[in-house]
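Below: one structure, written as structure tokens.
The values are calculated or read from the model by the stated rules, or taken from the named source; none is laboratory data. From a predicted model like this one, the values you see are computed outputs, not experimental measurements. A quick note on method: Cβ atoms are made from the backbone with ideal geometry, for glycine too, and the neighbour counts reach across all protein chains shown. All accessible areas refer to the heavy atoms of the entire protein, side chains included, with ligands and DNA or RNA removed. Shrake-Rupley method; radii C 1.70, N 1.55, O 1.52, S 1.80 Å.
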Amino acid sequence: MTSIEKKISLSGINVSELLGPNDSNLKLIEDRFSSIITVRGETFTIKGVQQEIETIEKILKEMIYVLNTSNKLTTQDVQTILTLTLDGKEVVSQDDYEDVVLYTKNDVIKAKTPGQRNYIRIAAQNDICFAIGPAGTGKTYLAVAIAVAALKKGIVKKIILARPAVEAGESLGFLPGDFQEKIDPYLRPLYDALDEMMPSERLRGYIEKGIVEIVPLAYMRGRTLNNAYVILDEAQNATELQMKMFLTRLGANSKAIITGDITQIDLPSKTKSGLIQAKEILQGINGVGFVYFDKEDVVRHKLVKDIIDAYEKNNISKTNGG
């Protein structure tokens, strides 16, 4: 096949950060391709066959995007970009860059629906963001991704994820194991999300050092959380007092995302959800944003939309006396 040459300008880019220490990022690319790559000043030159040049150019653009958005580019980032591209998985196009939240060890996390795009925007513009909607809309997953991205960029120094353990209630003592073993099932979805977004060893190290905390909501009492991204998941199961307690934990340079589904409240019938109260009284406060999802934002199995729709219709029929 005919060999051609392509020159790409690196003007305005921190070339040394892009290439990595001792050109380690560049060597990762060279090891995967037969093309000859040279970098002189602010010019990146690729000499090889057309298809390979196009692939390398796509990888380079991804690397530049990560560097520009997080101010650093790690070996893990480059390996992820290489793996995604060479496996033929969806690679973020130039038009989709603003939808990207995080490059993970396995994938690119980005907005998949208009509601999710709005979510990312509202979370960025406000110190406190409420995300309310049905299961499967990515509320929790994107919240964790947004927090991990902020930690990675150095915007915050720690992440705290909390959930009410409502189902445990008074029966918690009857469950087997110590307290941590009893409470783990209620926190497991948060562990799972984090585990998808960073190497397992790094996650364990962060947890051991207190950089990442995953705790029951009750553990938040009495704390002031500075330089942190704080997430309250399943917030529909927080009482009014618990919600006030959580929101008033926020300290300097901290942000919070509160997620919940007000159609799935597990509180006792006479106990009002703190999420519903917050929705009623915090609208219009500067720095507090609300995002509402519907079944069109569901990104799980295609049947989830139909299930949500069926329940909505059933509720309507009951209201109408059907």
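Things to note:
- Each label point was placed 7 Å from the Cα along the Cα-to-Cβ direction; for Ile13 and Ala218 their separation is 5.3 nm.
- Segment 194-304, accessible surface, carbon-and-sulfur percent (1.4 angstrom probe): 49 percent
- Shape class of segment 40-87 from the alpha-carbon gyration tensor: oblate, with a/c at 1.5 or above and b/c at least as large as a/b.
- Two-site FRET efficiency, Lys157 against Lys58, from Cβ-Cβ distance with R₀ of 41 Å, rounded to 0.05: 0.75
- Between amide H atoms placed 1.01 Å from N, distances below 5 Å from Phe290 occur with Phe130, all of them 5 or more places distant or on a separate chain.
- A 1.4 Å probe, protein heavy atoms only, puts the accessible area of Ile128 near 30 Å².
- Put simply, the amide H of Val215, placed in the peptide plane, has neighbours under 5 Å in Leu161, Ala162, Arg163, leaving out anything fewer than 5 places away on its chain.
- Neighbour net charge for Lys139 - beta-carbon separation under 11 angstrom, K R +1, D E -1: -4
- Under 19 Å from the Glu280 label point (7 Å along Cα→beta-carbon), backbone N, segment 118-155: 130-133
- Gain in span if fully extended, Asp31 to Asp127, counting 0.36 nm per residue against the direct Cα distance: 30.2 nm
- Counting 0.36 nm for each residue step from Leu86 to Asp266 and taking away their Cα separation leaves a gain of 60.3 nm.
- Exposure rank, largest accessible area first [Thr140, Thr43; 1.4 Å]: Thr43, Thr140
- 5 angstrom amide H check on Val230, placed H, neighbours 5+ away: Ile160, Lys255, Ala256, Ile257
- Note on Glu201/Ile307: beta-carbon distance plugged into 1/(1 + (r/R0)^6) with R0 of 35 Å gives a FRET efficiency of 0.40.
- Relative contact order of segment 33-81, taken over Cα pairs closer than 8 Å and 6 or more residues apart, is 23 percent.
- A simple count of charges around Ser254, restricted to other residues whose Cβ falls under 14 Å of its Cβ and scoring Lys, Arg +1 and Asp, Glu -1, yields +3.
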